[in-house]
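Peer 1: First the structure, then my questions, so here it is.
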Amino acid sequence: MTASDTTSTTLSGIGVSPGLVAGPVARMAPPIPEPEIATLEPSRDIEKECERIALAAQQVKKGLELSAAEAKAEARTLLETTAQMAADPTLTSTAQAMVREKRLVPERAVWESAGTLATMLESLGGYMAERTRDVQDVRDRIVAVLTESPMPGIPRLPEPFVLVAADLAPADTALLDPEKVIAFITSEGGPTSHTAILARALGMPAIVGTGEEVTDALAEGDIVLVDGTKGTITINPSEDALRRARELASRVRVFNGDGATKDGHEVQLLANVGDAAGARSAAEAGAMGVGLFRTEFCFLDQPEEPTVEAQVEAYQGVLEAFPGKKVVVRTLDAGADKPLPFLTDATEANPALGVRAYRTTRRDPEVLEHQLEALAKAEAATEAKVWVMAPMISTADEAKAFTEKARSYGLKTAGMMIEVPSAALMADKLFEHADFASVGTNDLTQYVMAADRLLSSLADLSTAWQPAVLRLIGTACEGASPNGRPVGVCGEAAADPALATVLVGLGVASLSMTARALPDVDAVLKSVTLDECRELAKIAIAAATAEEAHTAVRAKLPILEELGL
Ligand code: PEP
Ligand code: MG
């Protein structure tokens, strides 16, 4: 969609991470295509071609080392490891041998040599198999030098910029430095894809699913204003708009760890975390505890099940950040968009509907047992209050089996995620077993609306503003109340300040979100009473469409405009 006045043009996509920033566009180079199988012309000097390979590898190694020197913590380690791979003589010497023996063009020789090396590393398993991605990264970079193509990956520029890409791979997102990349825009991706979740975790305004026509219209160096709330991109914004962006950026909001409505009704504001570093920064941001620890994030790259000791260490790191506080730990949610090589059947036709999450215990019950054992040990070694829950519980039998199993390991508070419509509809029965529940609105929306959460083309369906989703959350809360059980929300809906008021009105007791969202959600909740939240919930579930619900609720919350949300 495009709107323009005399000087500026406004384009739009799906706003997935709020915030208003302005800066120059830097485009991410497209992926390097596989070079054709071609041989050198007779006039070419074989040894010179071999020398070009060595020089290209050197250049790539130096470039990666330079980036590593400028990068922080996790990104630095990743870049250093990749630089070591570029310095590894196996890749270049095998490629040079292919040039000498088969007269292959250097770019094809590097591609094939990398393929051989990757297969070898994979066969070794463990840490070595994890290096396959580095080999591919180095391969692409060397081929880019040899073919004089733009270097793949996140651009390196001295000034902060707005990154424009088709999509971001997990390896790219790990390297995003929020001081350099102030916002990103992708032509692909949906509102609850993990790229979008990461943008919110980094507190970086982001717009996804714009379609190629929009990203193609953004030229290198164009000054753009990115509004991550509205999902709009303005090329050549007015001076007034730039001033407002600067003013909002200079306002620092904090959360004091006291989530409540205006009339003092407590709402626990918790953090979603994936590792110890995330937990520490969430604690610094004032989170009252952890409402979702995605344990699978600790092991996404691991080809084999982590040992109990390795798990204890990973969990302990998170628990230590919250002494005396609640930490809700979710057991492995493997499958669909988060496959774990040791737990996921990659051949299923419909993985989102398949043996994912808690269902993997049908095939591999011992993986859950090891995890519960590790968690109980980590709890014993720290002072956090562990609540454990399983993802995608669908029936009362599953709720019973999981909670009994967890308690048999000494974990006292055992609950479930409500992500499948059946669990919300049958909540009263499930709560006979579960001590608590947390609604995963990302998956609940996906399953209620039958809309793949990764598809940008279905973004209008993939929103928890859909009244059908809100009604089901209301049903889940009603099912919990006779048993006096608390229901939280830990999906992305909890980080939307307007929706947060609706969720509280529906009876939700805690909201768990990326730590960056805590101040905004807190500020908006403190502007309304519990009765007003209930009123907003009524308005939202009475609406006929998601848009109607959203617009009607926003209209009653003038604070959103004041805060630029
Ligand atoms: C959810 O589905 O809302 C949720 C919190 O889990 P995940 O996003 O990890 O699937
Ligand atoms: Mg989920």
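Peer 1: (1) within 16 Å of ligand 2 (Cβ to nearest atom); (2) in a loop (DSSP other than H, G, I, E, B): which one isn't true of Pro303, the others all being true?
Peer 2: Checking Pro303 against (1) within 16 Å of ligand 2 (Cβ to nearest atom); (2) in a loop (DSSP other than H, G, I, E, B), the one that fails is (1).
Peer 1: Something else: Considering only the stretch 373-406, state which residues are assigned to a loop (DSSP other than H, G, I, E, B), in contact with a strand residue (DSSP E or B) (Cβ under 9 Å, 6 or more places away or on another chain) and small (Gly, Ala, Ser).
Peer 2: Ala384
Peer 1: Within the stretch 319-340, which residues are under 19 Å from the mean Cα position of the chain (by Cα) and of a type outside the set (Lys, Arg)?
Peer 2: Selection gives Val328, Val329, Thr331, Leu332, Asp333, Ala334, Gly335, Ala336, Asp337, Pro339, Leu340.
Peer 1: Does the stretch 98-108 include one or more residues that are part of a helix (DSSP H, G or I), among the β-branched types (Val, Ile, Thr), on the phi < 0 side of the Ramachandran plot and loosely packed, with under 14 Cβ neighbours inside 10 Å?
Peer 2: no
Peer 1: Still on this structure: Could you list, in sequence order, the residues of the stretch 457-478 that are part of a helix (DSSP H, G or I) and touching a strand residue (DSSP E or B) at 6+ places or on another chain (Cβ under 6 Å)?
Peer 2: Ile473, Ala476, Cys477
Peer 1: While we're here: Do we have Ala165 as under 13 Å from the mean Cα position of the chain (by Cα), modelled with pLDDT of 85 or more and more than 16 Å from ligand 2 (Cβ to nearest atom) here?
Peer 2: For Ala165, the condition - under 13 Å from the mean Cα position of the chain (by Cα), modelled with pLDDT of 85 or more and more than 16 Å from ligand 2 (Cβ to nearest atom) - is not met.
Peer 1: For the stretch 197-253, which residues satisfy the criterion of being basic (Lys, Arg) and within 19 Å of Ala166 (Cα to Cα)?
Peer 2: Scanning the stretch 197-253 gives a single hit, Arg200.
Peer 1: Could you tell me whether the stretch 542-560 includes any residue that is closer than 28 Å to Gly479 by Cβ, among the charged types (D, E, K, R) and at pLDDT 95 or above?
Peer 2: Taking every residue of the stretch 542-560 in turn, at least one turns out to be closer than 28 Å to Gly479 by Cβ, among the charged types (D, E, K, R) and at pLDDT 95 or above.
Peer 1: Is it true that Arg141 is modelled with pLDDT of 85 or more and on the phi > 0 side of the Ramachandran plot?
Peer 2: no
For every residue, the table says whether it meets (1) among the acidic types (Asp, Glu); (2) within 16 Å of ligand 1 (Cβ to nearest atom); (3) in contact with a Phe, Trp or Tyr (Cβ under 8 Å, 6 or more places away or on another chain).
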{"position": "Cys490", "(1), (2), (3)": "no, yes, no"}
{"position": "Ala494", "(1), (2), (3)": "no, yes, no"}
{"position": "Leu499", "(1), (2), (3)": "no, yes, yes"}
{"position": "Gly505", "(1), (2), (3)": "no, no, no"}
{"position": "Leu518", "(1), (2), (3)": "no, no, yes"}
{"position": "Glu532", "(1), (2), (3)": "yes, no, no"}
{"position": "Ala542", "(1), (2), (3)": "no, no, no"}
{"position": "Glu547", "(1), (2), (3)": "yes, no, yes"}
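Peer 1: OK, next. So Tyr447 fits all but one of (1) modelled with pLDDT of 95 or more; (2) within 20 Å of Arg253 (Cβ to Cβ); (3) in a helix (DSSP H, G or I); (4) not small (Gly, Ala, Ser); what number is the exception?
Peer 2: Condition not satisfied by Tyr447: (2).
Peer 1: Still on this structure: Output the residues belonging to the stretch 266-277 that are buried (at least 16 other Cβ atoms within 10 Å of the Cβ) and either under 19 Å from Pro486 (Cα atoms) or at pLDDT below 90 (or both).
Peer 2: Listed by number, the residues that qualify are Val267, Gln268, Leu269, Leu270, Ala271, Asn272.
Peer 1: Can you tell me which residue among Gly354, Gly335 is farther than 17 Å from Phe299 by Cα and assigned by the TED database to the domain that holds Asp443?
Peer 2: So the residue among Gly354, Gly335 that is farther than 17 Å from Phe299 by Cα and assigned by the TED database to the domain that holds Asp443 is Gly354.
Peer 1: Here's a follow-up. Suppose we filter the stretch 370-417 for residues that are more than 16 Å from ligand 1 (Cβ to nearest atom), small (Gly, Ala, Ser) and under 21 Å from Thr307 (Cα atoms); how many remain?
Peer 2: 8
Peer 1: Restricting attention to helices (runs of 4 or more DSSP H) lying wholly within the stretch 479-565, give those where 1 or more residues are buried (at least 23 other Cβ atoms within 10 Å of the Cβ).
Peer 2: 497-506, 518-525, 530-542, 546-555
Peer 1: Suppose the filter is away from ligand 2 (no atom under 15 Å from the Cβ), farther than 19 Å from Phe436 by Cβ and in a loop (DSSP other than H, G, I, E, B); does Glu366 pass it?
Peer 2: no
Peer 1: Suppose we keep only residues that are assigned to a helix (DSSP H, G or I) and of a type outside the set (A, V, I, L, M) within the stretch 306-343. Which one would you say is farthest from Asp452 (Cα to Cα)?
Peer 2: Glu309
Peer 1: Take Ala87 and decide whether it is small (Gly, Ala, Ser), surrounded by 15 or more Cβ atoms within 10 Å (Cβ to Cβ) and modelled with pLDDT under 85.
Peer 2: Taking the combined requirement at face value, the residue satisfies it.
Peer 1: Also, quick follow-up: Which of the residues belonging to the stretch 443-458 are within 16 Å of ligand 1 (Cβ to nearest atom) and either over 18 Å from Asn350 (Cβ atoms) or crowded, with 24+ Cβ neighbours inside 10 Å (or both)?
Peer 2: Scanning the stretch 443-458 gives Leu444, Thr445, Gln446, Arg453.
Peer 1: Any residue that is crowded, with 24+ Cβ neighbours inside 10 Å and at pLDDT below 95 - is there at least one of those in the stretch 426-438?
Peer 2: Scanning the stretch 426-438, I find no residue that is crowded, with 24+ Cβ neighbours inside 10 Å and at pLDDT below 95, so the answer is no.
Peer 1: Can I ask one more? Only one residue in Ala26, Ala3, Ala22 is at pLDDT below 85 and either in a strand (DSSP E or B) or surrounded by 12 or more Cβ atoms within 10 Å (Cβ to Cβ) (or both), so which one is that?
Peer 2: When all the criteria are applied, what remains is Ala3.
Peer 1: Just need a number here: residues in the stretch 407-441 that are farther than 12 Å from Tyr358 by Cβ, in a helix (DSSP H, G or I) and within 16 Å of ligand 2 (Cβ to nearest atom).
Peer 2: Counting residues in the stretch 407-441 that are farther than 12 Å from Tyr358 by Cβ, in a helix (DSSP H, G or I) and within 16 Å of ligand 2 (Cβ to nearest atom) gives 4.
The values are calculated or read from the model by the stated rules, or taken from the named source; none is laboratory data. Just so you know, these numbers come straight off a predicted model, no measurement behind them. Counting neighbours? That spans all protein chains shown, and the Cβs are built from the backbone with ideal geometry, glycine included.
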